[in-house]
Amino acid sequence: MILLGIETSCDETAAALVADDRRVLAEAVLSQLAEHRPYGGVVPEIAARSHLDHLDSLIRRVMAEAGLGFGDLAGIAATGGPGLIGGVMVGVMTGKAIAAVAGKPFIAVNHLEGHALTARFTHDLAFPFLLLLVSGGHCQLLLVEGVGRHRRLGTTIDDAAGEAFDKAAKMLGLGYPGGPALERAAAGGDPARIPLPRPMLGRPGADFSFSGLKTALRQRLAEAKERGEAGGDVSADLAASFQAAVIDCLADRTAHGIAMAKALAPVTALVVAGGVAANTRLRARLAEVAQAGGLPLVAPPVKYCTDNAAMIAWAGIERLRLGLTDGLDFAPRPRWPLDPTAKPGARA
Ligand code: KG4
Ligand code: ZN
C-alpha cells in the first residue's frame, strides 16, 4: 500500500511517497526560507503563492522518481490543518483533485498527528507514548494513545519554544531562522554568565511559558548595551544563557509530563519532534530526563522532525488502515486541536 503525502501548512512545500512497510519511495521538500528571510518571519500570502507555484512540480518529481502513476496509489493524504489557511488550501485542493481524478481515497491529516505518528514510521514504536512537540508554531506534551487518540498534558500559555528561539535571535541580531543561528552563537558562550528566569519551573502540570524569558533577555541586552559591552563575547553569553534557560524549562516540564503520562498509561518512550528537536543540547538533556523517568528517548532524524510530507503520508497510511478517509467536501481547518477536550491554548 503506497500513499502520496502532501505538506503545505507553513513554509515548506513537500511531497512524498511512503509504503505501509515504512519505506520512503521518494520525497521532496522545498524550503521557502529565502523568500521569507527579508521579512524576518513567515509571510502567509507569500507562503501560499509559493506552495501554488511549486507543489505540482514536486509531486510530478516524486512520482517520476518512484516510477509510479496515480493509479498505483492506495490514497492521497494532505495536511488539512492546523496551519496557515492559504497554504493548507493549496495542499488540500491538490490532494482532492488527484484523488478525484484517480478515483482514490482522500485523507485529510492533522499536521500535529503527522508529527505525533512519525516515531511509528521511523522507529516502529508501539502506542502509547509521550510526545514533546517543539517547533516554531507548537509547544506541547501529548500522550499519544492511538490513531486519533491524543491527550494533551501540557501546552504553552504564550510563545512556542521555536518562536522564543526566533525572537531571541532577532533581538541578538543573529538572523532568521533564529534557532540554528542561536545554537551556533551559544556554542562559544558561557551559559551561566547572564542570569535569566526559568518560567514555570517546578510548577505542577506540564504547561510552558517563554514570554517572560524573552522580556528578561531584552532587559539583559539593554543593560549590556548601556555598559557599552554589547556584541562579541556578551552576545555569545546571552545566546548561551538563553538557550540554557529554554532547555531547563523544557526539561522540567517534560519530567512532569513523564510522571503524568505514566500515571495514565504504560508509556513505551519519550519522543521528541518539531524543528527545535534539531538542537543538540536539547537532545542530550532530554535523553537524561527520559532516563531519569525510566523511558527510552526516541528522536527521529532531523529531516522527519521538521515539516515534511513523509510524516503526512505515514499518518494517512495509519488512518486508511483503519478505514478513516475524508470526503471531497473536507474544509481546511486553520485551527484543529488534536485533543478537543483540552482547553484552547495560545499555541495549542
Ligand atoms: O518544525 P519546524 O521546521 O517548523 C514549524 O515551526 O512547524 O520548526 C522550526 C522552528 C524554528 O522556530 C526554528 O528556529 C527552530 O525550529 N529550530 C531550532 C533549531 N533548529 C530549528 N531551535 C533551536 N535549536 C535549533 N538547532
Ligand atoms: Zn510542524
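Could you please let me know if ARG220 is surrounded by 15 or more Cβ atoms within 10 Å (Cβ to Cβ), more than 15 Å from ASP159 (Cα to Cα) and modelled with pLDDT of 95 or more?
The answer is yes for ARG220.
Under the condition of being surrounded by 15 or more Cβ atoms within 10 Å (Cβ to Cβ) and outside any helix (DSSP H, G or I), the residues counted in the stretch 53-71 number 1.
Within the stretch 112-135, residues that are in contact (Cβ under 8 Å) with a residue 60 or more places away in the chain and under 14 Å from ALA315 (Cβ atoms) have Cβ atoms under 6 Å from residues that are near ligand 2 (Cβ under 10 Å from one of its atoms) and of a type in the set (Gly, Ala, Ser) in these pairs: HIS115/ALA273; THR118/ALA273; LEU133/ALA273; LEU133/GLY274, counting only partners at least 6 apart in sequence or on another chain. Looking across the stretch 273-303, the residues that are within 16 Å of ligand 1 (Cβ to nearest atom), open to solvent by less than 20 Å² (accessible area, probe 1.4 Å) and over 24 Å from PRO191 (Cβ atoms) come down to ALA273, PRO300. Evaluating ALA74 against the criteria (1) under 27 Å from ASP124 (Cβ atoms); (2) of a type in the set (A, V, I, L, M, F, W, C); (3) surrounded by 19 or more Cβ atoms within 10 Å (Cβ to Cβ) leaves one unmet condition, (3). Taking the listed residues GLU7, GLU35, the one that is within 16 Å of ligand 2 (Cβ to nearest atom) and surrounded by 15 or more Cβ atoms within 10 Å (Cβ to Cβ) is GLU7, with no other qualifying. Here ALA97, ALA126 are screened, and the one residue that is more than 19 Å from ALA309 (Cβ to Cβ) and small (Gly, Ala, Ser) is ALA126.
Residues in the stretch 116-135 include none that are more than 15 Å from ligand 1 (Cβ to nearest atom) and more than 30 Å from ILE2 (Cα to Cα). Taking each residue of the stretch 141-167 that is aromatic (Phe, Trp, Tyr) and looking for partners that are open to solvent by 10 Å² or more (accessible area, probe 1.4 Å) with beta-carbon atoms closer than 7 Å, six or more apart or interchain, yields PHE165/GLY179; PHE165/VAL276. Evaluate the stretch 9-23: report whether one residue or more is among the small types (Gly, Ala, Ser), touching a helix residue (DSSP H, G or I) at 6+ places or on another chain (Cβ under 6 Å), closer than 20 Å to THR306 by Cα and more than 16 Å from ligand 1 (Cβ to nearest atom). Yes - at least one qualifying residue is present in the stretch 9-23. Tally up the residues in the stretch 1-51 that are in a loop (DSSP other than H, G, I, E, B), in contact (Cβ under 8 Å) with a residue 24 or more places away in the chain and not acidic (Asp, Glu), please. Within the stretch 1-51, residues that are in a loop (DSSP other than H, G, I, E, B), in contact (Cβ under 8 Å) with a residue 24 or more places away in the chain and not acidic (Asp, Glu) number 8. Filtering ARG60, ARG37 for residues that are away from ligand 1 (no atom under 14 Å from the Cβ) and either in contact with a His (Cβ under 6 Å, 6 or more places away or on another chain) or not aromatic (Phe, Trp, Tyr) (or both) leaves a single hit, ARG60. Evaluating ILE157 against the criteria (1) of a type in the set (Val, Ile, Thr); (2) within 16 Å of ligand 2 (Cβ to nearest atom); (3) surrounded by fewer than 22 Cβ atoms within 10 Å (Cβ to Cβ) leaves one unmet condition, (2).
Residues in the stretch 122-149 that are open to solvent by 10 Å² or more (accessible area, probe 1.4 Å) and within 16 Å of ligand 2 (Cβ to nearest atom): THR122, SER135, GLY136, GLY137, HIS138.
For the stretch 170-198, filtered to residues that are assigned to a helix (DSSP H, G or I) and in contact (Cβ under 8 Å) with a residue 24 or more places away in the chain, the residue that is nearest to ligand 1 (Cβ to nearest atom) is GLY179.
The values are calculated or read from the model by the stated rules, or taken from the named source; none is laboratory data. Just so we're clear, the structure is a prediction, and the values are computed from it rather than from any experiment. We place every Cβ from the backbone using ideal geometry, glycine too, and count neighbours over all the protein chains shown. Keep in mind that these areas ignore ligands, DNA and RNA; they rest on the heavy atoms of the full protein, side chains included. Shrake-Rupley method; radii C 1.70, N 1.55, O 1.52, S 1.80 Å.
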